[in-house]
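Input: a single structure, listed below in structure tokens.
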Amino acid sequence: MHKEKNVYNYGIIAIVILGILIRCFAYFRNISFWGDEAALALNIMNKSYLELFKGLDYLQVAPPMFLVMSKFLYQILNPVYDCLRDLLLRWLPAAAGIAAIPLFYYFIKQILKDKLSIITGMLIFVFNTTTILYCAQFKQYSSELFVSILLMIIFYKIIFEEKFRWYYSVIIAVAPWFSLSSFFIIGSCFLLVLYKRPKSLIKSYLPFSISFILFYFLSLRPVSNYNYEGMYTWWQNGYGFVSLLHPMRVAIRFGEMFSFNKLTAECIGAFMLVVAVCSLFPVNKDNFLKKLFIYLPIFLTFLASALKLYPIEARLILFLYPLFVVAISSYNFKFRKLVLAVVCLISLATSIYYTINPYKFYTSAREVVHYTEGHIKNGEKIVLDTAFHRYLYYIKNRDRVVYLKNGCGDDFTDVCNKEIESLPNGIYYLILKKNPGRRLAANIKILEEYNLYSSVIKFEK
């Protein structure tokens, strides 16, 4: 028994240490900002603190206090070099993602007592493509993951342990300012508190309701007015919502937490969801409330998505991942050890592969802008298409930037050539996400080319 306990303890310690190391590797590799990161960073750099509460440009949405804290760090430290600035802006997501590891261990020990389930849960939480990825990107998703786990711990103590501390109500009240997705956790757990501990509801609900009213008028309503129409169109066109007409969409979106390949994501997602659904049963009087505690936030989120209120892209449901992990780790049917071993193997293989090969997120924007600024001379211009955010973020002198209204896209259409032909005579540096293969119009004289993941084409007309 003592030996078994030592193996368990050493296993947990090894998972935590390796999880921190792989996140540090992803963070300190410090690859160039990609589109959404750069768009969010441009808002941080260009907007005032007050404006960050009112809605962001470039179809970006993030919790206001995440934005405020990021801007504060940026202004206080004001790094000169691009590499340092990138690391600085990504520091909050990295810190939140790393801190989520021990916090999740505390949470899963509350829910599950079986050591095999806990080890499995820790492994598939720590070694997950998406939880690692967003420790190394300037986006809010790892901080929302941290807030989600913290809220679940607090509500577990209130509902199942009948414990209440004054600061629980403070954390619940301020959570939406740091995590927009926290509404799903708070809403579902308040229902359970109302059912199980109604006397505790007033202690936490009153401060939350005051905070929510302030949050609604100061941020949520103006952000919705500013961005809702554009975001709805984007997610509707991008198949971001749950739909009965596309039953495999849920599997694909969940599978994208593990893999960026559509077919692989679909297979992994379907397998993982089957395991999670199997863990829902059997439901009896003794475990009904705990099952509801885990599955209700998931149900409410997917219901909101079916009503076109919330998209279910992998990063947007990352806050639910701890609940999926607990559900999957609870699997207790036939071939339990084999199923859990397969789950662990999938998580290990996909997370390590995509940490080493970051796929579409590596566009070398920093490197190609440095190359361009090292060669450009007075009077010459930089031409950007609609994917301009990742490059504009790094460009020092933005007065010499020319924008193509319709963009070039990955296929470099004739529309792009026509726009280039309409430019005044001169020398230009065209920066694109993808090498167009010299498909510029015949009257365009290509002077020089530089290709990494993105491309720079120097031309004269």
Practice prompt. Look at Phe138 and say whether it is in contact (Cβ under 8 Å) with a residue 40 or more places away in the chain, assigned to a helix (DSSP H, G or I) and surrounded by 19 or more Cβ atoms within 10 Å (Cβ to Cβ).
Written response: no
Worksheet item: Would it be correct to say that Gly437 is over 22 Å from Phe138 (Cα atoms), assigned to a loop (DSSP other than H, G, I, E, B) and either under 32 Å from the mean Cα position of the chain (by Cα) or modelled with pLDDT of 80 or more (or both)?
Response: no
Worksheet item: For the stretch 155-172, which residues satisfy the criterion of being over 26 Å from the mean Cα position of the chain (by Cα), under 19 Å from Leu206 (Cβ atoms), open to solvent by 10 Å² or more (accessible area, probe 1.4 Å) and hydrophobic (A, V, I, L, M, F, W, C)?
Response: Phe164, Trp166
Item to complete: Those residues that are outside any helix (DSSP H, G or I) and touching a Leu at 6+ places or on another chain (Cβ under 9 Å), I need them from the stretch 313-333; list them, please.
Response: Ser330, Tyr331
Discussion item. Going by what's in this entry, would Tyr49 be described as on the phi > 0 side of the Ramachandran plot, outside any helix (DSSP H, G or I), surrounded by fewer than 21 Cβ atoms within 10 Å (Cβ to Cβ) and not small (Gly, Ala, Ser)?
Written reply: no
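Yes/no matrix, rows are residues, columns are (1) open to solvent by 40 Å² or more (accessible area, probe 1.4 Å); (2) aliphatic (A, V, I, L, M); (3) over 15 Å from the mean Cα position of the chain (by Cα):
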| residue | (1), (2), (3) |
| --- | --- |
| Lys3 | yes, no, yes |
| Ile12 | no, yes, yes |
| Glu37 | no, no, no |
| Leu40 | no, yes, no |
| Asn43 | no, no, yes |
| Leu67 | no, yes, no |
Fill in: Of residues in the stretch 72-110 being modelled with pLDDT of 95 or more and of a type in the set (Val, Ile, Thr), the one most open to solvent (accessible area, probe 1.4 Å)
Ile76
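Condition check: in contact with a Gly (Cβ under 8 Å, 6 or more places away or on another chain), of a type in the set (A, V, I, L, M), surrounded by fewer than 20 Cβ atoms within 10 Å (Cβ to Cβ) and farther than 30 Å from Lys434 by Cβ. Does Leu345 satisfy that? Please lay out each step first, then the result.
Numbers: in contact with a Gly (Cβ under 8 Å, 6 or more places away or on another chain): no; of a type in the set (A, V, I, L, M): yes; surrounded by fewer than 20 Cβ atoms within 10 Å (Cβ to Cβ): yes; farther than 30 Å from Lys434 by Cβ: yes.
No.
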Worksheet item: Which one is most open to solvent (accessible area, probe 1.4 Å), of the residues in the stretch 353-394 that are closer than 24 Å to Glu421 by Cα and of a type in the set (Val, Ile, Thr)?
Response: Thr386
Worksheet item: Can you spot a residue in the stretch 173-186 that is over 16 Å from Ile317 (Cβ atoms), at pLDDT 95 or above and surrounded by fewer than 20 Cβ atoms within 10 Å (Cβ to Cβ)?
Response: yes
Worksheet item: When only residues in the stretch 269-298 that are in contact with a Ser or Thr (Cβ under 6 Å, 6 or more places away or on another chain) and in a helix (DSSP H, G or I) count, which is surrounded by the fewest Cβ atoms within 10 Å (Cβ to Cβ)?
Response: Leu296
Worksheet item: If you go through the stretch 380-405, how many residues are within 28 Å of the chain's Cα centre (by Cα) and over 16 Å from Val368 (Cα atoms)?
Response: 1
Worksheet item: Somewhere in the stretch 181-193, is a residue closer than 30 Å to Tyr354 by Cα and β-branched (Val, Ile, Thr)?
Response: yes
Practice prompt. State which residue pairs qualify: first residue over 17 Å from Gln60 (Cβ atoms) and open to solvent by less than 30 Å² (accessible area, probe 1.4 Å) and inside the stretch 233-244, second residue of a type in the set (Val, Ile, Thr) and part of a helix (DSSP H, G or I) in any location, beta carbons under 8 Å apart, and separation of 6 or more residues or different chains.
Written response: Val242/Val250
Fill in: Options Tyr134, Tyr81: the member that is hydroxyl-bearing (Ser, Thr, Tyr), farther than 27 Å from Lys291 by Cα and in contact with a Ser or Thr (Cβ under 8 Å, 6 or more places away or on another chain)
Tyr134
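The values are calculated or read from the model by the stated rules, or taken from the named source; none is laboratory data. Keep in mind that what you see is a predicted model, and the values were worked out from it rather than measured. Cβ: placed from backbone, ideal geometry, glycine included. Neighbour counts: every protein chain shown. Note: areas computed on protein heavy atoms with side chains; ligands, DNA, RNA excluded. Shrake-Rupley method; radii C 1.70, N 1.55, O 1.52, S 1.80 Å.
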